[in-house]
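Here the structure is laid out as structure tokens; the discussion comes afterwards.
Just so you know, all these numbers are worked out from the coordinates, no wet-lab data involved. None of these values were measured; they are calculated from a predicted model. Quick reminder, even Gly has a Cβ in these numbers, built from the backbone with ideal geometry, and neighbours come from all protein chains shown.
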Amino acid sequence: MQVKLNNRLHAVAGFVLPGKTAADIGADHNYLPVYLIINGICPYVVAVERATGPYENACQLVDLLSLSRQIDVRFGDGLAPLQPGEAATVTIAGMGGFLIQDILSCQPAVVAQTERLVLQPQKNSAAVRRWLMDNGWRIVAEQLALDNGFYYEIIAAEHGEMSLDEDELTFGPCLLAEPHPLLADFLQLKRKDLSSLTEQVSAMTGANAAQRLRQLQSAIAQIDRILRRCER
């Protein structure tokens, strides 16, 4: 059976350590675990899902494909269903950055014995990178994926030390170092959104609005600075 992933999940799969057990947190329909098994990337995958409907759908797909010996679907929250050292790679995709922080922080024993984290925050990616930096993780690879007009950041990290400046926290050290082929378009879209917000906030009054306006203007200036670097 052929399993085709969208660009976002395909990029996540590309960062999974081959030949070792992986755990997918928030597996939803279970497409990523099935892809990892069918394509021979992993010998065994633990799929964790806390919502009843998606959990049942994931179990049905595993049964339909007769993959119950290679994919273990577990009902539970975050990393709680995992034992320390059980998975070499832990993937967490499609969640907000602060939720990813919380999931990682709640099970330090599991995280400590994981070789690689593959994280795809829907927003607040800077918060994820800051957590990694502050908790003994080093970003080893990053990817941008474009799906249906939306850009997604995928971060792979392993144990180690790193120090990131504000630009690297916001947009990723590896994405900036190349720079990534999609980075300029990604930044232009972010700049457009920030400019639209700036126009709205400019029409407001009060101290909070003034502070928010300064934050937006600073973010736009940061993007403009990085765009100039990309053009060199």
* Structure fact -> Scanning the stretch 122-152 residue by residue, the ones that are in contact with a Lys or Arg (Cβ under 9 Å, 6 or more places away or on another chain), within 17 Å of Phe15 (Cα to Cα) and part of a strand (DSSP E or B) total 5
* Asked: Just wondering, is there one or more residues in the stretch 1-20 that are surrounded by 22 or more Cβ atoms within 10 Å (Cβ to Cβ) and either in contact with a Pro (Cβ under 7 Å, 6 or more places away or on another chain) or over 16 Å from Ala156 (Cβ atoms) (or both)?
  -> no
* Asked: Can you name every residue in the stretch 153-178 that is surrounded by 21 or more Cβ atoms within 10 Å (Cβ to Cβ) and assigned to a loop (DSSP other than H, G, I, E, B)?
  -> Gly172
* Could you list all residues from the stretch 26-50 that are in a loop (DSSP other than H, G, I, E, B) and closer than 10 Å to Val3 by Cα? => Asn39
* For Ala209, are the conditions met, namely being out of contact with any strand residue (DSSP E or B) (no Cβ under 6 Å at 6 or more places or on another chain) and aliphatic (A, V, I, L, M)? -> yes
* Out of curiosity, is Val140 touching an Asp or Glu at 6+ places or on another chain (Cβ under 7 Å) and touching a residue at least 12 places away in the same chain (Cβ under 8 Å)? -> yes
* Could you check, for the stretch 68-84, whether at least one of its residues is of a type in the set (Gly, Ala, Ser), touching a residue at least 24 places away in the same chain (Cβ under 8 Å), touching a strand residue (DSSP E or B) at 6+ places or on another chain (Cβ under 9 Å) and buried (at least 18 other Cβ atoms within 10 Å of the Cβ)? => yes
